[in-house]
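Peer 1: Here's a structure for you.
The values are calculated or read from the model by the stated rules, or taken from the named source; none is laboratory data. In this text, all values refer to a predicted model and were calculated from it rather than measured experimentally. In this analysis, Cβ positions are derived from the backbone assuming ideal geometry, glycine residues included, and neighbour counts consider all displayed protein chains. All accessible areas refer to the heavy atoms of the entire protein, side chains included, with ligands and DNA or RNA removed. Shrake-Rupley method; radii C 1.70, N 1.55, O 1.52, S 1.80 Å.
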Amino acid sequence: MSSTSQWIICEHCDSVYTPVPLAKGQVARCLRCEAILARGGPMSLQQLLALSISAALLFVFANAFPVISISLQGLSNETTLLQSVQALAQGQISVIAAVVGLAIILAPMLQIILLCWLLLFALNGRAAPGFKACMRALEHLRPWSMLEVCLLGIMVAIIKLAGMLDVHPGLGLWALAMLTVLLILISGRGIRRLWDDLDGVIS
Ligand SMILES: [Zn+2]
């Protein structure tokens, strides 16, 4: 019986293909729907781990520094991500605070912890304890991690308020922007290759 890792299934239309070795820069596309199946020259595990650690540092910066600062006639105020969630919790729509907290703080934090955990073991050629559960948790977390939505929201707020008040993006916002890109890069196709890499050692 042939192993399932010998096939690639298109995520969009379920067509099945045999993988071909790709050189760096080459892309394999689905014949039916043109979706990208695989890219040549994937990142090494070391690179993935380095990016995950960078993401962890950026996450700390994004939460420690204010994302936006507003000033008007000498009065100024700045807020971090956590403070914005706390502000929501005090209002009438406190349920929203829980959802926002999950989407912009808890889900990305869990993603980063799981990525570092899985990659640290994979680097030594071993499957991390709870490998399957962690990989599935990462897939389930992806739709809940909405940093890009948060980033877009803050940028719209900055542009809208810029006419009336003195609004400045904070250091936290730059960290948030870089973190968003990194998480998209690592948590999708990047980490899924561990299923193939560790094929023989997953218990
Ligand atoms: Zn397809």
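Peer 1: Given the conditions (1) more than 16 Å from the ligand (Cβ to nearest atom); (2) open to solvent by 40 Å² or more (accessible area, probe 1.4 Å), which single one is not true for SER69?
Peer 2: Every condition holds for SER69 apart from (2).
Peer 1: Across region 114-135, which residue is nearest to the chain's Cα centre (by Cα) among those that are surrounded by fewer than 19 Cβ atoms within 10 Å (Cβ to Cβ) and touching a residue at least 24 places away in the same chain (Cβ under 8 Å)?
Peer 2: My answer is CYS116.
Peer 1: On the basis of being open to solvent by less than 90 Å² (accessible area, probe 1.4 Å), free of Cβ contacts under 8 Å to residues at least 24 places away in the same chain and more than 16 Å from the ligand (Cβ to nearest atom), does VAL85 make the cut? Break it down into steps so the answer makes sense when it comes.
Peer 2: Numbers: open to solvent by less than 90 Å² (accessible area, probe 1.4 Å): yes; free of Cβ contacts under 8 Å to residues at least 24 places away in the same chain: yes; more than 16 Å from the ligand (Cβ to nearest atom): yes.
Criteria met by VAL85.
Peer 1: Does any residue of region 175-191 turn out to be open to solvent by 50 Å² or more (accessible area, probe 1.4 Å), outside any helix (DSSP H, G or I) and not hydrophobic (A, V, I, L, M, F, W, C)?
Peer 2: No, the conditions are met nowhere in region 175-191.
Peer 1: While we're here: Among (1) modelled with pLDDT of 90 or more; (2) of a type in the set (A, V, I, L, M, F, W, C); (3) touching a strand residue (DSSP E or B) at 6+ places or on another chain (Cβ under 6 Å), there is one condition ILE8 misses while meeting the rest; what is its number?
Peer 2: (1)
Peer 1: Specify the residue that is farthest from the ligand (Cβ to nearest atom); the eligible residues are those in region 21-52 that are within 24 Å of GLY200 (Cβ to Cβ), open to solvent by 50 Å² or more (accessible area, probe 1.4 Å) and at pLDDT 80 or above.
Peer 2: GLN46
Peer 1: I'd like to check something: does region 163-171 contain any residue that is in contact (Cβ under 8 Å) with a residue 60 or more places away in the chain, in a loop (DSSP other than H, G, I, E, B), open to solvent by 30 Å² or more (accessible area, probe 1.4 Å) and charged (D, E, K, R)?
Peer 2: No, region 163-171 contains no residue that is in contact (Cβ under 8 Å) with a residue 60 or more places away in the chain, in a loop (DSSP other than H, G, I, E, B), open to solvent by 30 Å² or more (accessible area, probe 1.4 Å) and charged (D, E, K, R).
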